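K.L.:
Sharing a structure, written as structure tokens. Questions coming.
The values are calculated or read from the model by the stated rules, or taken from the named source; none is laboratory data. All values derive from a computational prediction rather than experimental measurement. Using ideal geometry, Cβ is built from the backbone for each residue, glycine included, and neighbour counts are taken over all protein chains shown.
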Amino acid sequence: MKIKNMAVSGMFYPSDKNEIVKLINEYELNIKNDTSYISRLVIAPHAGYKYSGFGAYYALKHLGGKNIFIFAPAHKVYVEGIALCSYNYFETPFGKVQVNIEIIQEIADKFYANYCDEAFETEHAIEVQLPFLKYLKDDFNIIPILVGNCDPRVIYEIISYYYENSNNSFVISTDLTHFLTDEKAKKIDNITAQMIESNKSENFNREQACNASAICGAVEFSKSKNFSFIRLDMRNSCLVTNDKNNVVGYGSWMLYEGEKNNFIKKYYSSLAKEICLNSIKARGNLSNIHCPAVFNEIGASFVTLEKNDNLRGCIGSIVAYRELIDDLITNACMSAYKDPRFQPLKESEIGEIEIKISLLSEPVEIDFTDEEDLLEKIVQNKDGIIISDLGKRAVYLPSVWEQLPDKRIFLYSLKQKAGLSPEHFSNSFKAYRFYTEYI
């Protein structure tokens, strides 16, 4: 029996398990509005617990599965492709964690990977995840994989192959930017977050994260399944050191088997409406709002106000360009007080209005040859439609189908809304479809 001894216990995390439990209890106090969702793939940071322990624990808390694949960067030894180990167990302050040697051997055979115990001996990026996993789960084993100079496609193929078994789950162990100023780090880390959250890894730069290949492989897998990464935490070392000249960034996400807006609707409908109501009451002057990190993802929304079943205001964003929390706050306030079709909402009316929210997907251009072809391709009762031509633009949410159920009338009315004649059409006419989750 071959055991991998702890290499960074007492440095990256406490050697006493009781001290780790104390930290976990503190983390739990800082987790607000959590969901019951169990994910099978998470992205978790791997720095010392005082820097990124909260984000790592928060991600791993949502992780299901019995066989846990941990993809971590090889910091100490150069690795070409991926490296596997021959250990039977990894030691932790909570006891030993078993390695699934059968899957390890299968990966070696199927994906032409080599064993390299030397790369694991002093590596921290796997080890720091294990105390949290051992605390959280009773029955599990690990498949530790170190990622070096590796094509992201290899990670994608491993995840794709083993995801078919619901007993398998995956951890991408990574930190974000290293040793930049606080300002530069936040800018780049936000770009990284947006790429992960939009399933776009094409232009991902290795300098953005220390396990870029594994991140890109996971993002491509998410894209192939139309899944979504839900942000759990974003921070950097400046919060601990107060040093803004030399920071390291950390982020954690969990993979949701569906669209992000569906996740928000399922778990945070009441919170989203509460944010809008509070914005109306405060006339948009909300600050220091503590909400789940998914609300800090870029998002587009329409906020509709109704009074006695009649429209009382509706303002929104067609394209996502700011954090969803800011979009909701601004659009709720604008709907109440700046919709040019209505008088500003009176304070006495606030208790009489009903708030409805539409969360918009990213618009996708519709390819068509002429107006008849466009009408054929529009999906009735499902598509939200944006049109643009001659510098004019208009949008109808999918809910408009309730009032305009005929495709042709729907499109003609949308043209009129844009300031075009119903019969207008040209070679420069463009149309885009989007979908909404309706709260």
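K.L.:
Right, ILE188: within 11 Å of the chain's Cα centre (by Cα) and among the aliphatic types (A, V, I, L, M) or not?
P.N.:
Spelling it out, it is not the case that ILE188 is within 11 Å of the chain's Cα centre (by Cα) and among the aliphatic types (A, V, I, L, M).
This table checks each residue for (1) over 30 Å from ALA193 (Cβ atoms); (2) over 32 Å from the mean Cα position of the chain (by Cα); (3) at pLDDT 95 or above.
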| position | (1), (2), (3) |
| --- | --- |
| ILE315 | no, no, yes |
| ALA332 | no, no, yes |
| ARG341 | yes, yes, no |
| SER358 | no, no, yes |
| LYS377 | yes, no, yes |
| TRP401 | yes, no, yes |
| ILE409 | yes, yes, yes |
| LYS415 | yes, yes, yes |
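K.L.:
Scan segment 394-428 residue by residue and report those that are surrounded by fewer than 16 Cβ atoms within 10 Å (Cβ to Cβ) and among the charged types (D, E, K, R).
P.N.:
Of everything in segment 394-428, those that are surrounded by fewer than 16 Cβ atoms within 10 Å (Cβ to Cβ) and among the charged types (D, E, K, R) turn out to be GLU402, ASP406, ARG408, LYS417, GLU423.
K.L.:
Which residue, of TYR161, TYR156, is surrounded by 15 or more Cβ atoms within 10 Å (Cβ to Cβ), among the hydroxyl-bearing types (Ser, Thr, Tyr) and closer than 22 Å to LYS225 by Cα?
P.N.:
TYR156
K.L.:
While we're on this one: Taking ASN205 as meeting all but one of (1) polar (S, T, N, Q); (2) modelled with pLDDT under 95; (3) outside the structural domain of HIS62 (by TED's automatic domain parsing), write down the number of the exception.
P.N.:
(3)
K.L.:
Additional query: Wholly within segment 161-259, which helices (runs of 4 or more DSSP H) include no fewer than the required count, namely at least 2 residues that are within 23 Å of GLU123 (Cβ to Cβ) and in contact (Cβ under 8 Å) with a residue 24 or more places away in the chain?
P.N.:
212-225
K.L.:
Within segment 129-150, take every residue that is part of a strand (DSSP E or B) and closer than 25 Å to GLU28 by Cα and give me the one that is nearest to the chain's Cα centre (by Cα).
P.N.:
Filtering segment 129-150 for residues that are part of a strand (DSSP E or B) and closer than 25 Å to GLU28 by Cα, the one nearest to the chain's Cα centre (by Cα) comes out as ILE142.
K.L.:
Further, regarding this structure: Yes or no: VAL319 under 16 Å from SER198 (Cα atoms) and at pLDDT below 95? Spell out the reasoning first.
P.N.:
Details: under 16 Å from SER198 (Cα atoms): yes; at pLDDT below 95: yes.
So VAL319 fits the description; yes.
K.L.:
May I pose another question? Of the residues ASN236, ASN246, only one is of a type in the set (S, T, N, Q), under 22 Å from ASN205 (Cβ atoms) and modelled with pLDDT under 95; which?
P.N.:
So the residue among ASN236, ASN246 that is of a type in the set (S, T, N, Q), under 22 Å from ASN205 (Cβ atoms) and modelled with pLDDT under 95 is ASN246.
K.L.:
Only residues that are more than 24 Å from ALA300 (Cα to Cα) and of a type in the set (A, V, I, L, M, F, W, C): list them for segment 387-439, please.
P.N.:
Within segment 387-439, LEU390, ILE409, LEU420, PHE425 meet the criteria.
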